[in-house]
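Below: the structure, in C-alpha cells.
The values are calculated or read from the model by the stated rules, or taken from the named source; none is laboratory data. Note that the coordinates shown come from a computational prediction; the quantities given were computed from them, not determined experimentally. FYI the Cβ positions are ideal-geometry reconstructions off the backbone, even for glycines, and counts take in every protein chain you see. With ligands, DNA and RNA removed, areas are computed over all heavy atoms of the protein, side chains included. Shrake-Rupley method; radii C 1.70, N 1.55, O 1.52, S 1.80 Å.
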Amino acid sequence: MSAFAPPASRNAPCPCGSGKRFKDCHGALAPGADDSSVGEARPLADTALPPTDGAALRERARSEWQRGNPEALATCRAALESAPDDAAAWNLLGEILNADDPAAAGEAWWRALELDPENAEASFHLGNRLREQGERAAAVIHYERALANAPRHTGVLNNLGLTLQEMGELARAESCYREVLGIDPRHTGALANLASLLSGREAVKESAATYDRLFAITRDWPATVWIRRAMAQNAAQDLSGAIESYAEAARLSPDDMQVHLHLGTLYLQQRSYPEGESALRRALELDPANRYALSMLAHARQHRCAWSGLRELFARIESVLEGEDAETPFPCMPFATLAMPLSPLAQLRAAQRWSRTIARAPLPPKPVVQRAAGERLRVAFATWNMRDHPTMYLSLEFWEKIDRSRLEMFAYSLRADDDNPFQRRARAAFEHYADVSQDAVPSIAQRIRDDRIAILVDRNGYTLNAREGIFPLRPAPIQVNCIGFPGTMGAEWYDYIFTDRFGVPEHLQRFYTEQPLYMPHAAFPSDTTRLPPGPTPSRAASGLPEKGFVFCCFNTPYKILPDVFAMWMRLLATVPGSVLWLLRTSAEVRENLRAEAKAAHVDPDRLVFAPFVPVGVHVARNAAADLFLDTFPYGAHTTANDALLAGLPVVTCAGETLVSRIAGSQLAAIGLPELITTSFADYEALALELARRPPLLASYRTRLAENRLRTPLFDMTRYARDFEDAMERIWADHVASR
C-alpha cells in the first residue's frame, strides 16, 4: 500500500486534495506552521539577508514563481548575481528549477548547504530529492539534519516517516507520524500515512479509526485515499463503510477496474446481489479476460437464482480453467467454482492458481516439534466460525468428547469474541482457547509455533473472512484442510485433506494436492444435541399443507441450478398435490423460482418457503417433510445431516467432486447406500419411485430411525476416538519420515 507522499515540486497541488499548493499545505516549512493556513512558505531556518538589492530581487523572484510568472528564473539568477552567498536565493532557485531540471535543482540546494551547513530548508529539499532517487539512507541523514535545526517540524517529520516506512523501518516511521500528530492532531498527511501503516501491519481497528479521523477533517480526497480507507474498513468488518468508500472511489476513478472488482465483491458479501452484478459487469467491461470477475458474476447470479446466461458463463469459466496454466493476477474464486458444474480438474486448477496469489515468496521450513515421552499430542483448530454457523452445528459435541488424556486441544478464534452460545460451548470444549482476531497474521503464526502445535487444522480454507496467509508461514509441522472448504486447497503448505473414502475415493485422489486423511466411516461429525426432544412438529405448525407429498430442500439458493430445478418441477408435475419446501431467502429469489415453476407449467404456489428459525427448531421441522432432494454439484452437507438427524430420508446424486459426495458419505455411514445415485436419470427415477410407493419410503424411514442409534454417523464418542486415532497416525508417519 503506497504512502501519502509529497509531489515532485513543492509548487504542485498538494496530494491531500485540499486544492492548495504543496508548499502552502503539507510542504509548508515554517516550524510549527498551521498546515491549514494559506500563505507564503517560509524557510525552516532564518536565512534572510539584510535588505539589499539581492534580497529584494530574491523576494520578487519568489512572488513571480508563486504566481506562475516565467520571469521568476531570470529574476532569481539576477538576485544571485547581486548576492551570490544568499543561501535562501539558492534554495529558491532549486525550487524553481526542480520541475524541469531536478539535477540542477539539487546542485542549487547543495550550494545553499555549502554556504550555510545548518540550513534546514536545503537539507529538507535534498532529503526529498534523494528519496525520489531511491537513496533513502542518505535522505534520512538530511531529514535528521533539518530536524536538528527545526525540531518538531511536522513536514520534515512526516517525510522522514515516509522514507523510513519505505526502508521497512516501520516502528520508527510510526513514531514519526505519531510525533507529528502530537504536535498537530489535524495533520492530514500524517493521519493518512499512519492509517496506511497500521493497515499494513493489520492493526485493523486503529487503522479504520485513524481514517475516520482523517475523513472527519475533510472528505476531499483522491480515489487512492478512498481506496485505502475502504480496505481498512473491510478489514475491520465495516462492510457498509467499505462499500461507501469504494463507491466514491469508483465515482472519482470510473475506469479503475480493481475498484469495481472490490465493490462488486463487497456487495456480494452484503447480499446486495444486483448491485454486485452491476459492479462486476463494469469490471469485465474494463478487463474482459478477468477470471475473478467472471467467476463472481456467475456466483452472484446463482445467489439470485437468475439463470439467464448462466450456462454460457459456466462454459467460459471451465474453458479458462482447463486451458493452459497461465499466470493471472485475478484468478477464479475457488469457493465460487465449487457450486458450478465443473470438472474436478477445473476445481483443482482454480485452487492452485488462487494459492499463488497468497504466497509468492519461498515457504519457510516446517517447525520441528519434539514430543516428550508421555506428552499429549497438541492439536489446534483455527477458524473464524465460532458463531451460529453450519460448521459449528457439526462440531461442538465431537470437540466436547475428545479424550484429553490423548490430545491437548487448542482453538485459535479468528473472529472477535461476542459471547454467543456457540462460542461459549467451544470455549468449554477446548483446553486452550485464544481470541487472535486482532493479531496480525505473522503474530498468529508465531503464537502457534510458540505453542508447539503438532497438527494445525484449518476450518476455513478459501472462505469468507479466512486468514489465508497464516498457513503458508508453516506454523505447524502438519497442516490439515478440514471441512470448511470442501475441495482441494491446491497449495503445497497443506499436508492432508480431512475426508473419508466415499468423499475422495482413490481414483479421484489425483485431483487433490493434499494427501487424503481418511476417517474410517464419515468425515462429517454431528452435534446430536441440536435436535430438541419432543414430538415431530406438525405440518400445520411448519406452514405445510396437511395432505400431499412434501419434497424438501433446505440448501442455500446458490446451490440450486437450472437442471436440478427442472427435475424438481417434473416431480411436482408427476406427483399430484405435492409441494416443494424450500428455505426462505430474498424476495427476488422467491420471485425467480416461482417464475421458473410457472414456465415449467407448475403452479408457483406449490413452492413453500420456510422462514428462518433457531437451529434446533429448524432441525426438528425436517421431519414434517417426506423426502429431502439434494442439489448438484454442490450438495447438502450440514443440511443433509440435519435431515438425517431428524429422520428424513435424503436422495442425492454423487459426482466426481467432493462437494457432490458428502451427502452420499453420510448416507453410506448410516446404512442407506440405496439412496445414493450417480446420474440425474437415476436420481429422478428414485425420487419418483419413493413418492409413488409410500411403503418403500416408510421402510427407509424406519431403517433410518433404527440406524441412527447403531451406525457411526451420529455416534460422536466413536467419532472422537476415530479422530484421535487419525491424529496419532499422521503424527507417527511424520516422525518416521523425519
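The figures follow:
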{"quantity": "Listing of helices (runs of 4 or more DSSP H) fully contained in region 638-695 that carry 3 or more residues being within 16 Å of V619 (Cα to Cα) and not aromatic (F, W, Y)", "calculated": "638-646"}
{"quantity": "Selection within region 443-462 - touching a helix residue (DSSP H, G or I) at 6+ places or on another chain (Cβ under 7 Å) and either part of a helix (DSSP H, G or I) or open to solvent by 30 Å² or more (accessible area, probe 1.4 Å) (or both)", "calculated": "I444, A445"}
{"quantity": "Options G189, G134, G127, G161; residue that is out of contact with any Leu (no Cβ under 6 Å at 6 or more places or on another chain) and open to solvent by 30 Å² or more (accessible area, probe 1.4 Å)", "calculated": "G134"}
{"quantity": "Among the candidates L363, L348, residue that is aliphatic (A, V, I, L, M), surrounded by 15 or more Cβ atoms within 10 Å (Cβ to Cβ) and not in a strand (DSSP E or B)", "calculated": "L348"}
{"quantity": "Long-range neighbours under 9 Å by Cβ, at least six apart or interchain, first residue closer than 19 Å to L544 by Cβ and open to solvent by 40 Å² or more (accessible area, probe 1.4 Å) within region 566-594, second acidic (D, E) and modelled with pLDDT of 95 or more", "calculated": "R594/D605"}
{"quantity": "In region 609-637, residue least open to solvent (accessible area, probe 1.4 Å) [restricted to those that are more than 16 Å from I560 (Cβ to Cβ) and in a loop (DSSP other than H, G, I, E, B)]", "calculated": "A625"}
{"quantity": "Unmet requirement for A466, which otherwise passes all of (1) of a type outside the set (V, I, T); (2) out of contact with any strand residue (DSSP E or B) (no Cβ under 6 Å at 6 or more places or on another chain); (3) surrounded by 21 or more Cβ atoms within 10 Å (Cβ to Cβ); (4) at pLDDT 95 or above", "calculated": "(4)"}
{"quantity": "Breaking point among (1) modelled with pLDDT of 95 or more; (2) of a type outside the set (S, T, Y); (3) within 22 Å of K559 (Cα to Cα), for L321", "calculated": "(1)"}
{"quantity": "Tally of residues being free of Cβ contacts under 8 Å to residues at least 12 places away in the same chain and part of a loop (DSSP other than H, G, I, E, B) across region 696-737", "calculated": "3"}
{"quantity": "Pick from region 403-426, criterion in contact (Cβ under 8 Å) with a residue 12 or more places away in the chain and charged (D, E, K, R), ranking: surrounded by the fewest Cβ atoms within 10 Å (Cβ to Cβ)", "calculated": "D418"}
{"quantity": "Filtered residue count, region 469-479, keeping only those that are free of Cβ contacts under 8 Å to residues at least 40 places away in the same chain and either surrounded by fewer than 20 Cβ atoms within 10 Å (Cβ to Cβ) or aliphatic (A, V, I, L, M) (or both)", "calculated": "0"}
{"quantity": "Checklist (1) in a loop (DSSP other than H, G, I, E, B); (2) loosely packed, with under 14 Cβ neighbours inside 10 Å; (3) among the charged types (D, E, K, R) applied to D563, failing item", "calculated": "(1)"}
{"quantity": "Residue under evaluation Q66, criteria (1) open to solvent by 10 Å² or more (accessible area, probe 1.4 Å); (2) touching a helix residue (DSSP H, G or I) at 6+ places or on another chain (Cβ under 7 Å); (3) not hydrophobic (A, V, I, L, M, F, W, C), criterion not met", "calculated": "(2)"}
{"quantity": "Matching residues, region 507-544, being surrounded by fewer than 20 Cβ atoms within 10 Å (Cβ to Cβ), within 32 Å of the chain's Cα centre (by Cα) and in a loop (DSSP other than H, G, I, E, B)", "calculated": "T513"}
{"quantity": "Flag if S699 is among the small types (G, A, S), open to solvent by 10 Å² or more (accessible area, probe 1.4 Å) and at pLDDT below 95", "calculated": "no"}
{"quantity": "Failed condition for K598, given (1) within 20 Å of V550 (Cα to Cα); (2) in contact with a helix residue (DSSP H, G or I) (Cβ under 7 Å, 6 or more places away or on another chain); (3) in contact (Cβ under 8 Å) with a residue 12 or more places away in the chain", "calculated": "(3)"}
{"quantity": "Among (1) buried (at least 18 other Cβ atoms within 10 Å of the Cβ); (2) in a helix (DSSP H, G or I); (3) aliphatic (A, V, I, L, M) - the single one V602 does not satisfy", "calculated": "(2)"}
{"quantity": "Residue in region 551-559 that is open to solvent by less than 40 Å² (accessible area, probe 1.4 Å), in a loop (DSSP other than H, G, I, E, B) and either hydroxyl-bearing (S, T, Y) or free of Cβ contacts under 8 Å to residues at least 60 places away in the same chain (or both) present", "calculated": "no"}
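Matching residues to (1) closer than 25 Å to L593 by Cβ; (2) at pLDDT 95 or above:
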site: E248; (1), (2): no, yes
site: L286; (1), (2): no, yes
site: R291; (1), (2): no, yes
site: I317; (1), (2): yes, yes
site: A326; (1), (2): no, no
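Residues are listed down the side, and each one gets a yes or a no for (1) in contact with a Lys or Arg (Cβ under 7 Å, 6 or more places away or on another chain); (2) more than 22 Å from N641 (Cβ to Cβ); (3) of a type in the set (A, V, I, L, M); (4) open to solvent by 20 Å² or more (accessible area, probe 1.4 Å):
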| position | (1), (2), (3), (4) |
| --- | --- |
| D388 | no, no, no, yes |
| K401 | no, no, no, yes |
| A428 | no, yes, yes, yes |
| Y433 | yes, yes, no, yes |
